[in-house]
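Notes to accompany the following structure.
The values are calculated or read from the model by the stated rules, or taken from the named source; none is laboratory data. Fair warning: this is a prediction, and the values are worked out from it, not measured in the lab. All Cβ positions, glycine included, derive from the backbone under ideal geometry; neighbour counts span all protein chains shown. Remember, those area values only see protein heavy atoms, side chains included, never the ligands or the DNA or RNA. Shrake-Rupley method; radii C 1.70, N 1.55, O 1.52, S 1.80 Å.
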Amino acid sequence: MASDGPLLGPDERLGNAIRTSAIPAGPAEFFADLGNPQVALPALAAALAYASWRTRTWLPAATAALTMALVPALVAPLQAGLDRPGPPPMSPETGFYPSGHAATAAVAYGLCALLLRRRETAYGCVLLNAAVGLGLVRQGYHWPVDVVGSWCLAAMLLYAAAFVLSRSTRRSSSGTPSC
């Protein structure tokens, strides 16, 4: 689907429509940049430090760090294997599916929401990642399916992290291991 198939045409039409839309380039670039590791990882590090201090345990931080480390370990081989060309002006280059920036943002900010355990943070995470994805498409860095594919990968990683974190929370709150 990423490089051939029935969704390729609609994906490219939607991407071209977003790229040529009235969405201002400045804010779009700002939100696209929030997917850079140089921005997302310090935000995650702050949430890791706070969660470690609050829970007095290393398991949430270790779980989040391992989950974040899986992002490039999974994205890079997928990009190399699928070899999807990017939107203009990046068309001759390949390796755009899934979007590494969208995956980095979704996992980093998603982990922040999991670690901080506040409903408002989760809502903010969803809105922020929608803005990052829109910015990446608007600026011509990715096609919409590149971003959606990253979100699917991020959802799987965040689900696994949430499972581990929920088990560790039950253990620490009951004082005994849970089965």
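Can you list the helices (runs of 4 or more DSSP H) found entirely within the range 18-127 that contain at least 1 residues being out of contact with any helix residue (DSSP H, G or I) (no Cβ under 9 Å at 6 or more places or on another chain) and within 20 Å of Ala155 (Cβ to Cβ)? First the steps, then the outcome.
Working: elements: 25-33, 37-55, 59-82, 100-116.
Those helices (runs of 4 or more DSSP H) span 59-82.
Looking at Ala25, Ala51, Ala64, Ala47, which one is open to solvent by less than 60 Å² (accessible area, probe 1.4 Å) and in contact with a Cys (Cβ under 6 Å, 6 or more places away or on another chain)?
Details: Ala25 fails: in contact with a Cys (Cβ under 6 Å, 6 or more places away or on another chain); Ala51 fails: in contact with a Cys (Cβ under 6 Å, 6 or more places away or on another chain); Ala64 fails: in contact with a Cys (Cβ under 6 Å, 6 or more places away or on another chain).
Of the residues listed, the single one that is open to solvent by less than 60 Å² (accessible area, probe 1.4 Å) and in contact with a Cys (Cβ under 6 Å, 6 or more places away or on another chain) is Ala47.
For residues that are open to solvent by 10 Å² or more (accessible area, probe 1.4 Å) and under 15 Å from the mean Cα position of the chain (by Cα), scanning just the range 107-120, find the one that is nearest to Ala40 (Cα to Cα).
Going through the range 107-120, the residues open to solvent by 10 Å² or more (accessible area, probe 1.4 Å) turn out to be 109, 112-114, 116-120.
In the following step, the residues that additionally are under 15 Å from the mean Cα position of the chain (by Cα) were identified as 109, 112-114.
On the way: Tyr109: 7, Cys112: 10, Ala113: 13, Leu114: 15 Å.
Taking the candidates together, the pick is Tyr109.
Show the residue pairs meeting these rules: Cβ distance below 6 Å; 6+ apart or different chains; first residue within the range 103-124 and of a type in the set (Gly, Ala, Ser); second residue open to solvent by 20 Å² or more (accessible area, probe 1.4 Å) and outside any helix (DSSP H, G or I).
What qualifies is Ala105/Leu34.
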